[in-house]
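The values are calculated or read from the model by the stated rules, or taken from the named source; none is laboratory data. Everything numeric in this text was worked out from a predicted model, so none of it was measured. Positions of Cβ are generated from backbone atoms using ideal geometry, with glycine treated the same way; all protein chains shown enter the neighbour counts.
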Amino acid sequence: MELKRIDNLWNFCRVKTNLPCTKTVDKVVRYSFVKAGITLIHEFKPNLLQTSKLTLIEKGYLDKAKKNIYGAIKKQFGVKTPHLNGSSAIFFPEEILALKKNHNLIVEQDKNGKFCITLSPFVPKNIYDIFNTINLISIHLWKTIYFSELTKN
């Protein structure tokens, strides 16, 4: 039931925004979109939705050349949390901190100033959970609206 609902939400995003969506199904289900040099990835294990994560990666981000890491991770029973040697200094727009109320928030910046944001667990209940979360990040970091609210005729 949950899997079908999540699949319908991402298909609705694809149809409404006319963005190409890549869906891969293996041990992990993965949806990915690319727009304006920003890659959006939502991946989860079908049998354990609490391990799902949403990642926004800027084009050209170097995973091996991390300069700054900020992590706000809540402990959850039965789910391993990654250990971060991050700073507590905020090097990104403070509006994004509102997301740590509902999600684990990891913000990484490489030496070139490119960002990678990871939210987990990300289990959207409706289309506005997806749109509001992703647009909040993309507006404040990259000054672009990832999913527009325009309706197609």
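What number of residues in the range 46-72 are surrounded by 13 or more Cβ atoms within 10 Å (Cβ to Cβ), assigned to a strand (DSSP E or B) and not small (G, A, S)?
14
May I ask you to list the residues in the range 108-140 that are surrounded by 19 or more Cβ atoms within 10 Å (Cβ to Cβ), under 18 Å from G37 (Cβ atoms) and hydrophobic (A, V, I, L, M, F, W, C)?
Within the range 108-140, F115, C116, I117, I134, I137 meet the criteria.
With respect to I137, determine if the residue is in a helix (DSSP H, G or I) and on the phi < 0 side of the Ramachandran plot.
yes
Scan the range 75-109 residue by residue and report those that are under 12 Å from P121 (Cα atoms) and modelled with pLDDT of 65 or more.
Hits for the range 75-109 are L99, K100, K101, N102, H103, N104, L105, I106.
Only one residue in T39, T51 is farther than 26 Å from G113 by Cα and out of contact with any Asp or Glu (no Cβ under 6 Å at 6 or more places or on another chain). Which one?
Just a single option satisfies the conditions, and that option is T51.
Mind checking which residues of the range 28-45 are farther than 27 Å from K143 by Cβ, among the β-branched types (V, I, T) and surrounded by fewer than 16 Cβ atoms within 10 Å (Cβ to Cβ)?
Within the range 28-45, just V28 meets the criteria.
What pairs come out if I take residues in the range 111-139 that are over 21 Å from R5 (Cβ atoms) and pair them with residues that are basic (K, R) whose C-beta lies under 7 Å away, six or more apart or interchain?
Matching pairs, first to second residue: K111/K67; T118/K53.
Considering only residues that are of a type in the set (V, I, T) and surrounded by 13 or more Cβ atoms within 10 Å (Cβ to Cβ), look in the range 1-27 and name the one that is modelled with the lowest pLDDT.
Among those that are of a type in the set (V, I, T) and surrounded by 13 or more Cβ atoms within 10 Å (Cβ to Cβ), it is T17.
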